[in-house]
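Data block below; observations after.
The values are calculated or read from the model by the stated rules, or taken from the named source; none is laboratory data. The shown structure was predicted, so the numbers you read here are calculated from the model rather than taken from an experiment. Glycine gets a Cβ as well: all are built from the backbone with ideal geometry, and neighbour counts include every protein chain shown.
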Amino acid sequence: MKRIAIFQCDLKVGGIQKALINILNEIDCDLCEVDLFLFDKESFFELPKHDNLRVIYLKPYFWLNRLVYFELLRRFAPISTPAGEYDVAIDFNSYRNECAVGAITAEAKKRVMWIHNDVEIKKKNEIKYRILWHFFKKKLRYFDEFAAVSPGITDGFRRCSKITDKRITPIPNHIDTDEIFRKAKEPSDFSPDADNYNLFTMGRICRQKGFDILIGHLASVVKKRSDIRLFIIGDGPDREKLERQIRKSGLENFVTLLGNRTNPFPFLDKADGFALTSRYEGQGMVIWEAKALGLEIFISENLEKYNPSVPGRRDVAEALLLAERKEKEYDDLSEYNGNIRESLKSLLGF
């Protein structure tokens, strides 16, 4: 029986959180005991129930500790874990210091950190991340291996971290298609106009996700076709800014902000297409969720390296201008998920 420790800050709304839930659903808990360490009891997602899955809540660091050099935290603010050795200790978050300290101070045969984003581009684009990286970068040396959510982020991570001698296993985010298909059929009062081409996007409304870029594309599209509608599922710090852009572009009748949804799949199930124009990603799990529901996918060309089997569009506006409603067919992503399953087994030692 394998023993696995996983450290994650919380289970609030977010792609990292959903990715973890999907992995917990995928891991065979008959073959292992999993201790999940969380630093916040608030949860947006429902945890799987299993006798061998134990959730342990720990006290988070005060937020200013993010601006303390990691070596000091490791030495003077250790995270207490149950006695006994784990086969693998995982920092699933990779951003928060308490997750790294927990994975490092826990007694374990192997320590793994999950990498969720294109670190190289994120550092160039976000001053906040550059500051955090300055304080926490030395934590990387304590990990034996890394898991990257797409092969497209590994080279940038190596360049930024200067880690060249440790294994990085690409493990894309597992997609729970059974859950998607089941939840897609749950009741919903949402009913888009069937005469329109109904386009969806989903994610945190922030600069990285590039919703402003998509709105720019839509502004040019509606000049030539008036039957397209965009629905945005999600919320975030740039919502008001995006609303101003929508009004300034005269798109109030073409764009609907739906906010966060506990179950977005009945909405996506009634869509015709899905678009994502992020400035950068780690992978883009929402792309694969939409793909599972048979939606036509429109992603900008820069996202293709994070999703090698999904073709990017050089001109998203032109592609949307030509988009037509098509018969949809569910895709259980069996090959995609099968490859992830084998990579997980290898990483965890099954």
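Odds and ends about this structure:
- Residue within segment 99-112 that is closer than 16 Å to I171 by Cα, of a type outside the set (K, R) and touching a residue at least 12 places away in the same chain (Cβ under 8 Å) present: yes
Residues checked against (1) assigned by TED's automatic domain parsing to the domain that holds D118; (2) in contact (Cβ under 8 Å) with a residue 12 or more places away in the chain; (3) more than 19 Å from the chain's Cα centre (by Cα); (4) more than 30 Å from V286 (Cβ to Cβ):
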residue	(1), (2), (3), (4)
C9	yes, yes, no, no
L47	yes, yes, no, no
H50	yes, yes, yes, no
L73	yes, yes, yes, yes
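- Within segment 85-107, considering residues that are touching a Lys or Arg at 6+ places or on another chain (Cβ under 7 Å) and surrounded by fewer than 20 Cβ atoms within 10 Å (Cβ to Cβ), the one farthest from I27 (Cα to Cα): E85
- Per-region count, segment 183-216, residues more than 16 Å from I299 (Cβ to Cβ), in contact (Cβ under 8 Å) with a residue 60 or more places away in the chain and small (G, A, S): 3
- Subset tally (residues that are in contact with a Phe, Trp or Tyr (Cβ under 9 Å, 6 or more places away or on another chain) and either among the hydroxyl-bearing types (S, T, Y) or not assigned by TED's automatic domain parsing to the domain that holds Y280 (or both)) for segment 197-255: 2
- Qualifying residue in segment 311-321 (condition: modelled with pLDDT of 95 or more, under 19 Å from the mean Cα position of the chain (by Cα) and either in the same structural domain as V222 (by TED's automatic domain parsing) or part of a loop (DSSP other than H, G, I, E, B) (or both)): yes
Residue-wise test of (1) among the acidic types (D, E); (2) modelled with pLDDT under 95.
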residue	(1), (2)
K49	no, yes
I56	no, no
P82	no, yes
D87	yes, no
I115	no, no
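- Subset of segment 140-168 (residues that are among the polar types (S, T, N, Q) and assigned to a helix (DSSP H, G or I)): T154, S161
- Taking first residues from segment 76-98 that are without any contact (Cβ under 8 Å) to a residue 60 or more places away in the chain and partners that are of a type in the set (K, R) and part of a loop (DSSP other than H, G, I, E, B), no Cβ contact under 7 Å between residues at least 6 apart in sequence or on separate chains turns up.
- Members of segment 3-18 that are under 17 Å from I233 (Cβ atoms) and part of a helix (DSSP H, G or I): G15, Q17, K18
- Of all the residues in segment 239-259, those that are surrounded by 15 or more Cβ atoms within 10 Å (Cβ to Cβ) and either among the hydrophobic types (A, V, I, L, M, F, W, C) or in a loop (DSSP other than H, G, I, E, B) (or both) number 8.
- The set of residues in segment 62-113 being in a strand (DSSP E or B), touching a helix residue (DSSP H, G or I) at 6+ places or on another chain (Cβ under 8 Å) and more than 12 Å from K139 (Cα to Cα) consists of D87, V88, A89, I90.
- Of the residues in segment 166-173, at least one is more than 21 Å from the chain's Cα centre (by Cα), surrounded by fewer than 23 Cβ atoms within 10 Å (Cβ to Cβ) and not assigned by TED's automatic domain parsing to the domain that holds K305.
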